[in-house]
Structure formats: C-alpha cells, structure tokens
Amino acid sequence: MQDAACINFLQWALPQLHMRWQGFRKVRGQVCKRIQRRLNELQLADAASYRNYLEKHPQEWQVLDSLCRVTVSRFCRDRGVFALLGDQLLPELIRLLQAREETTLRCWSVGCGAGEECYSLALLWQFRLHSESPGMFLQVIGTDTDAAVLERARRACYGYSSLKRLPPEWIEQAFDHQRNEYCLQPAYQTGIEFIGQDIRREQPGGHFHVILCRNLAFTYFDAPLQAQIEQQIHAALYPGGLLVLGAHEVLLEEAGFERLHAHLPVWRKADDSAAVPG
Ligand SMILES: C[S@@+](CC[C@H](N)C(=O)[O-])C[C@H]1O[C@@H](n2cnc3c(N)ncnc32)[C@H](O)[C@@H]1O
C-alpha cells in the first residue's frame with residue numbers, strides 16, 4: 001500500500017477507534033505493513049476495498065484495533081525519568097511509607113509491553129533502593145492487551161538492544177547471557193505480575209503508589225479517551241502517589257495532579273491529607 005493511501009485510510013479509521021492520527025504519524029510504517037498483510041489475507045485490492053469491508057463487517061474493527069498496537073519498548077526508556085525516580089521520587093515515597101509503617105510499594109505499569117518497564121523498576125529497587133528500605137517489598141503489576149507481548153514479558157528474555165540503557169554491572173549481575181539472549185534471573189522477577197487487560201475497559205484492583213502509563217494512552221488515544229484514562233488513573237492512585245508518562249506526553253486536564261518537574265513527565269496526585277495511605 002502506498003504511504004499516501006495508508007495515511008488517508010488511517011485518518012479515516014483511527015477516530016472511529018477513538019485513536020488520534022498524530023500519535024501514529026511517526027510509527028505508521030509498521031501499522032501500514034500489518035494492514036497490507038491483512039488486505040492480502042482477505043484478498044482485498046486496496047485501502048478503499050478494506051474500508052468497504054469494514055463497513056460491511058463490523059467485527060473487523062476489532063482486528064484493525066489489534067493491528068494498530070505499537071509494542072516497542074526498552075529497559076529504562078527515558079533515562080532522565082528513571083534517574084529522577086531512583087534518586088529522588090521513590091526514596092521520598094519510601095520514607096513516607098516507612099513513617100506509616102507500610103511494607104509494600106505498589107506500582108502499576110499500564111501497557112507494559114514485554115515487561116521492560118516493570119523489570120526496570122525491579123532492577124532499580126534491587127540495586128538502588130532495597131538496601132535503604134529494610135522490610136519493604138516492591139509489587140509491580142503490568143497490564144497489556146496484547147497476549148504475545150505478555151508471553152514475552154513472562155519469559156523475560158531480551159536482545160542486548162533492549163538492555164543497553166542499563167548500567168553494565170546490572171546486566172552482568174541480573175541477566176543470564178545465553179546465545180543472543182539475556183534472560184532476567186528469577187530472583188529479579190519477585191513481586192512482578194502480568195495481567196491481560198485492556199485499559200479502556202478494565203484495570204487491576206486496589207490502589208497504587210506509582211502508575212506508569214507511558215507511550216500508550218497519551219500518544220495514541222483521542223482526547224475523550226485520554227480524559228477517561230486520566231480519571232481512571234487518578235482514582236487508582238493513592239493521594240500523594242506518582243504518575244509517570246512517556247517523554248513526549250502530557251496530561252490533558254491535570255485536574256487533581258501537580259506536575260513535579262518542568263521537563264520530565266512526572267505528576268503527583270494532589271494530597272489533601274499530606275500523607276500516602278498504604
Ligand atoms: C509503545 S508500547 C509502550 C511500552 C512501555 N509502556 C514503554 O513506554 O516503553 C505500548 C503498549 O501498550 C499496549 N496496549 C495497546 N493498547 C492497549 C490497551 N487498550 N490496553 C492495554 N495495553 C494496550 C501495547 O500492546 C504495547 O505493549
């Protein structure tokens with residue numbers, strides 16, 4: 001499919017999936033390739049025929065929705081964000097929890113991909129925070145709607161390019177290097193759980209001290225859906241809890257949130273009681 005035809009098709013189809021074309025502009029190549037493969041499967045000649053097909057077969061929208069998932073990720077994506085979390089924000093949060101004699105730091109990674117974000121937190125915890133947090137535990141729930149990436153997350157084996165932002169000594173200690181793969185040792189997977197969930201319809205139970213919703217809702221979803229996700233996340237955070245977005249993302253409304261850094265995408269849920277319940 002020609003680029004122009006694919007752009008035209010996406011500009012027509014994405015709003016009907018409550019997604020925004022602007023988010024897809026740079027990554028359209030991979031989405032267009034998948035759409036072309038689907039056209040071949042259905043033996044359709046071009047984007048116009050697929051448009052007709054979608055109009056006649058409403059269940060096909062679900063297939064198209066799955067073709068529009070972008071699953072790229074890596075460990076400690078956006079180094080500045082993970083440095084701010086490790087150097088300042090998580091130690092502050094842990095001190096608050098310790099003062100309240102709470103023992104578990106609960107985190108949720110929305111659209112967790114193949115687990116890179118969840119395991120980045122686990123590594124930060126093991127190598128930087130654990131020694132200053134005696135008696136405390138890290139719990140991370142990763143949710144994603146794509147069964148294939150969740151399978152990779154549970155397997156926890158990666159190519160070097162996914163790990164290259166990690167300090168070499170972390171890679172050396174935490175991963176077993178076999179052939180072209182680096183597999184995270186089970187000891188570093190403690191407290192991490194992966195669940196198949198679509199953020200538009202479901203979310204894990206309970207409240208969280210930290211929620212990462214990066215390079216998903218605030219890039220690809222349209223404004224009303226972003227507003228819905230923002231409210232869902234706000235409700236799921238403890239007062240004083242942290243929300244981390246992707247490097248180029250911002251909150252739509254910011255209601256009930258305070259931005260913590262001028263350039264890095266980190267917010268805190270407004271805390272009327274000045275304490276983080278656990
Ligand atoms: C670009 S990746 C981001 C991964 C990671 N958060 C990061 O920033 O590196 C987006 C992830 O969101 C998942 N995803 C897409 N739509 C979703 C939905 N409606 N609910 C949950 N996850 C979704 C995709 O399968 C993909 O793994």
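The values are calculated or read from the model by the stated rules, or taken from the named source; none is laboratory data. The structure displayed is predicted, hence computed values, not measured ones. Every residue, glycine as well, gets a Cβ built from its backbone with ideal geometry; the counts of neighbours run over all protein chains shown. We work out accessible area using only protein heavy atoms, side chains counted, and drop any ligands, DNA or RNA first. Shrake-Rupley method; radii C 1.70, N 1.55, O 1.52, S 1.80 Å.
Here the extension length gained between Ala5 and Val27 equals 6.4 nm, from 0.36 nm per residue of separation less the Cα-Cα distance. Heavy atoms of the protein chains alone define the surface here; on that basis the chain has 48 Å² accessible area per residue at 1.4 Å probe size. When you count the other C-beta atoms within 10 angstrom of each residue and take the mean per peptide, 112-121, 55-64 line up highest first as 112-121, 55-64.
Cysteines in the chain that lack a partner Cβ within the 4.7 Å cut-off: Cys68, Cys76, Cys107, Cys112, Cys118, Cys213.
Mean residue ellipticity, 222 nm, helices only, the chain: the sum of -39500 (n - 2.57) across DSSP H runs of n ≥ 4, divided by residue count and rounded to 500, is -11000 deg cm²/dmol. What residue among Val81, Trp125, Leu93 has its Cα farthest toward the positive end of the dipole of the stretch 1-151, where the charges are +1 on Lys, Arg and -1 on Asp, Glu, each on the Cβ? Comparing the listed Cα positions along the dipole, Val81 ranks first. Pair-distance distribution of the stretch 73-198: all C-alpha pairs, bin width 10 Å, starting at 0; shares per bin in whole percent are 13, 45, 34, 8, 0. Computed over protein heavy atoms with a 1.4 Å probe, the carbon and sulfur contribution to the accessible area of the stretch 133-278 reaches 51%. Straight-line cross-link reach from Lys56 at under 26 Å between alpha-carbon atoms covers these lysines, not counting any fewer than eight positions away in the same chain: Lys33. From the alpha carbon centroid of the stretch 1-31 to that of the stretch 199-278 is 26 Å.
Excluding same-chain neighbours fewer than eight residues apart, the lysines reachable from Lys26 by a Cα-Cα span under 26 Å are Lys164.
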